[in-house]
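Structure first, then comments.
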Amino acid sequence: MLYPGETRRAHFLAAIDLQRIDFRGHHDPESEDAWESLVEEAREWTGTVVISHEVFCAAPQERARAALADLDFAEVHLVLTVRDIARQIPAAWQEDLKNRYSMGLTEYIDAVRDRADVEQATGFWRMQDAGGILRRWAADLPPGRVHLVTVPPPGSPPDLLWERFASVIGIDPELCDRTSVRTNPSLGTVEAALLRRFNEHLKSRDIDWPTYESFVKFHLAERGLAGRSGKQAILLPASEYAWVSAWSRELVRELAERRYTVVGDLAELIPGEPGTLRLHPGDVGADAMLEASFDGIASVLDELAERTAINSELREELEQTHKALAAAYERPVWRQVLHRVARWVPPLRPVLRLAARLRDGRPSREPGQAVGAEHGEAAYIAEAVHRAESAERAEAGRGTR
């Protein structure tokens, strides 16, 4: 069994690379050729390969067909986990909040129900309409190679969904250590209200997506707010159950007609009785949000403290490396190596300049600037860069004559 990719993000990156999309206006350079890399790993493997991420669901049919064509060397099976939509709507709303959206719950539900032409509503149906996903992905696959795994209802054993999925891909669920699995914790009503207000505030701030993802999504929301005790679950209001149940029954009928392999029970996709929404996110008061903000801020400070400690360690290691480099440079042979590195590997020149500045003990220095004897080691390094760049300019000048 192979789960390809070198990092946890590999399958997400492959999904956005396949679809040729950016995420929240940010193009992740790591996504370049990410899909091709997974395909090549799969091609070289002789056993079962699992490629999985929810973002694949959003792919238009032409990109889904392109993906299947890229995998034509293998017998492809499509596995789709499906949960009842009454639970998906509030879950998707709070996930959008963690991705910097700020639409209120009532407005979100209205947009989803009415299939409004707004980004969050169209995105919801692209990701959550199992029938539409299968029309795009399974059109060219025999029904026997399409597997639906239904998410058990509330109150089921916590490992049941994993056991169902494991049975499809053919592994013993007991072989996997689930104690270290990264979870995607839910926000409570108060915490979601606070994050929505915070996102509104950030609209006037020029904060890029990587910064938001690191500090707000992961540390403020998922570690700080979602980790609070006593959270009140965000539930779909009972007044929405009529249309949600009707849509779900139609979905079940459609899926049953297609004769896919079902692991679980399609009846689990029809919502049960509505729960009691004790507090609507729109009714959360300022005092409750203020209390929640303390936990969120504390989580971000923990992260900053950890990063500060790591940066101090890295700076110390960098200082030691610079000392070793300067000591080695005292030998003529290493001087020649350093000059050649500076000459033929231009990307390393900024590192060499930094080494010179740190050795010199000054904030900046122009390449080739004269230095006193007490700054000899810095001079060696700076001079290597200066000579390399001077040689380049001289060559460029000869080329233009």
With each label point set 7 Å from Cα along the Cα-Cβ vector, what nm distance links residue 75 and residue 168? 1.7 nm
Per-residue ³J(HN,Hα) for segment 145-159, Karplus 6.51 cos²θ - 1.76 cosθ + 1.60, θ = phi - 60°, Hz, x for Gly and Pro: 9, 10, 10, 9, 10, 7, 7, x, x, x, x, 6, x, x, 8
In terms of the alpha carbon gyration tensor, root eigenvalues a ≥ b ≥ c, rounded if a/c is under 1.5 and otherwise prolate when a/b exceeds b/c or oblate, segment 76-161 is oblate
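Of 11, 201, 53, which has the most accessible area with a 1.4 Å probe, and how do the rest follow in descending order?
Details: 11 0, 201 100, 53 60 Å².
The most accessible residue leads, giving 201, 53, 11.
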Interchain or long-range residues, amide H under 5 Å from residue 49's placed H: 2
List every residue whose amide H lies under 5 Å from the amide H of residue 79, counting only residues 5 or more places away in sequence or on a different chain, with H placed 1.01 Å from N in the peptide plane. 147
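Taking only the alpha-carbon atoms of segment 247-287, what semi-axes of the equivalent ellipsoid follow from 5 times the gyration tensor eigenvalues under a square root, in whole Å, largest first?
Values: eigenvalues 256, 20, 17 Å².
In descending order, the three semi-axes are 36, 10, 9 Å.
Mind ranking 312, 239 by accessible surface for me, highest first, 1.4 Å probe?
On the way: 312 70, 239 95 Å².
My answer, sorted largest first, is 239, 312.
What net charge is computed for the residues neighbouring residue 284, neighbours being all others with C-beta under 13 Å from the C-beta of residue 284, Lys and Arg scored +1, Asp and Glu -1?
Numbers: positive: 196, 197, 231, 278; negative: 191, 283, 287, 291.
Charge balance near residue 284 sits at 0.
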Take the eigenvalues of the Cα gyration tensor for segment 1-134, scale each by 5, and report the square roots as semi-axes in whole Å, largest first. 29, 16, 13
Can you give me the C-alpha center-to-center distance between segment 215-247 and segment 40-118, rounded to a whole angstrom? 19 Å
Take segment 157-303, compute every pairwise Cα distance, and split them into 5 Å bins from 0; I just need the percent in each bin. 2, 8, 12, 13, 13, 13, 15, 13, 8, 3, 0
In whole Hz, with x marking every Gly and Pro, tabulate ³J(HN,Hα) for segment 109-116 from phi via Karplus 6.51 cos²θ - 1.76 cosθ + 1.60, θ = phi - 60°. 4, 4, 5, 5, 4, 8, 6, 5
If you count only protein heavy atoms with a 1.4 Å probe, what accessible area per residue comes out for segment 139-262, rounded to a whole Å²? 54 Å²
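Can you pull the percent of segment 15-171's accessible area that's carbon plus sulfur, 1.4 Å probe, other chains left in place?
Values: 3710 of 7510 Å².
For segment 15-171, the apolar C and S fraction of the accessible surface comes to 49 percent.
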Square roots of five times the Cα gyration tensor eigenvalues for segment 186-269, Å: 36, 17, 15
If you count only protein heavy atoms and use a 1.4 Å probe, how large is the accessible surface of residue 323, to the nearest 10 Å²? 100 Å²
Quick query: amide H of residue 171 versus all other amide H atoms, modeled in the peptide plane; which residues come in under 5 Å with a sequence gap of 5 or more or a different chain? none
Any chance you could look up the accessible area of residue 212 with a 1.4 Å probe, heavy atoms only, rounded to 10 Å²? 0 Å²
For residue 114 the rounded accessible area (nearest 10 Å², probe 1.4 Å, non-protein molecules ignored) is 100 Å²
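The values are calculated or read from the model by the stated rules, or taken from the named source; none is laboratory data. Owing to the predicted nature of the structure, the values given are computational and were not obtained by experimental measurement. Methodologically, a virtual Cβ is constructed for each residue, glycine included, from the backbone with ideal geometry; neighbour enumeration extends over all protein chains shown. Surface areas here come from the heavy atoms of the whole protein model, side chains and all, with no ligands, DNA or RNA. Shrake-Rupley method; radii C 1.70, N 1.55, O 1.52, S 1.80 Å.
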